[in-house]
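The values are calculated or read from the model by the stated rules, or taken from the named source; none is laboratory data. It should be emphasised that the depicted structure is a prediction, and the values quoted were computed from it without experimental measurement. Cβ placement follows ideal geometry from the backbone for every residue including glycine, while neighbour counts extend to all protein chains displayed.
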Amino acid sequence: MAKPTNHEFARTDRVFKMACELANIEPTVRQASKFRNRKGTAIKYQGRAAKAVTLKED
């Protein structure tokens, strides 16, 4: 199965969206690209975002 494009990733990945929300930035395609390459502001909030998403799922 192929990886989703950055456009699809920006629209569907819950951890990415939560990281952007915590960082007070828009979840754009460019931010998705940076996030997937482990760069940018949102990546700093990845751990907190992952915890928040798993808590919401439980």
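The table that follows gives values for the structure above.
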| quantity | calculated |
| --- | --- |
| Every residue from region 35-58 that is surrounded by 11 or more Cβ atoms within 10 Å (Cβ to Cβ) and of a type in the set (A, V, I, L, M) | 42, 43, 49, 50, 52, 53 |
| Pick from region 2-23, criterion outside any helix (DSSP H, G or I) and of a type outside the set (Lys, Arg), ranking: modelled with the lowest pLDDT | 2 |
| Members of region 41-58 found to be under 14 Å from the mean Cα position of the chain (by Cα) and not in a helix (DSSP H, G or I), listed by number | 41 |
